[in-house]
Amino acid sequence: MAALKRWEHWVGILSVVFTIALSALIIFKWEAVQALEGYGYVGGFIISALGGATVVVPVPMMAVQFALGGVLNPLFGAEFMAPVFVGVVCSLGETLGALTIYFTGYSSGTPFAHAEAGRIQRAYLRLMGLMERHGSITLFLLSAIINPFFYPAALAAGAVRFSIRRYFLICFAGKTIKCTAIAYTGYFGLRGIFSALDIPL
């Protein structure tokens, strides 16, 4: 048991260190991060993974997903399927990035859980209770819509030992809906603008 506790402790520390290091890398290599958009699906995956792993530094993953949905060709199939591919690739990146948040919560080293009693701690404890009772639907809904509550929910999922396999699959399903919707918004919006301006794609 003691060995397990030490393992959980180090997983949490490594997750926090990784997030801080990633944030610093994004800050110092911001131009390189922005340039990733030009690499198509690979760039979308990497930017989404960076954005999913850190909330310390805002990564423009939604703007990239919007833009890629409007300009990329599908990997195969009809042209209108391109946003689906963008959504799947970017949601996979986001979900993999979000595993760092889960592992931070899993170690029980979250700042919310150990903060002095206050509104933030009470809200976080309520969220942990919600994750214990209705974790699957909570994660799915918070993954599928644009909102600021996914980060604390992912921390809570780790803290209550929500199955990592279920966490990954549910988040991936929800984020696929969200990312695909963003990509389709770019598909119809940008293509309409380009068509009106006679700009070929």
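Based on what the data block shows, is E79 among the acidic types (D, E), touching a helix residue (DSSP H, G or I) at 6+ places or on another chain (Cβ under 6 Å) and modelled with pLDDT of 80 or more?
Numbers: among the acidic types (D, E): yes; touching a helix residue (DSSP H, G or I) at 6+ places or on another chain (Cβ under 6 Å): no; modelled with pLDDT of 80 or more: yes.
Judged against the criteria, E79 is not a match.
Quick check on my filter: what residues within the stretch 82-124 are modelled with pLDDT under 80 and part of a helix (DSSP H, G or I)?
Scanning the stretch 82-124 gives R119, I120, Q121, R122, A123, Y124.
Would you call E31 modelled with pLDDT under 80, charged (D, E, K, R) and surrounded by 15 or more Cβ atoms within 10 Å (Cβ to Cβ)? Considered against the rule, which asks whether it is modelled with pLDDT under 80, charged (D, E, K, R) and surrounded by 15 or more Cβ atoms within 10 Å (Cβ to Cβ), E31 comes out as no. A Cβ distance below 8 Å, combined with a sequence gap of six or more or placement on separate chains, defines the contacts here; from the stretch 119-137, residues that are polar (S, T, N, Q) reach residues that are surrounded by 15 or more Cβ atoms within 10 Å (Cβ to Cβ) in the pairs Q121/F112; Q121/A113; S136/I170. Summed over the stretch 34-76, residues that are at pLDDT below 85 and in a loop (DSSP other than H, G, I, E, B) total 9.
The values are calculated or read from the model by the stated rules, or taken from the named source; none is laboratory data. Note that the structure is a prediction, hence the values are computed from the model and not measured. Methodologically, a virtual Cβ is constructed for each residue, glycine included, from the backbone with ideal geometry; neighbour enumeration extends over all protein chains shown.
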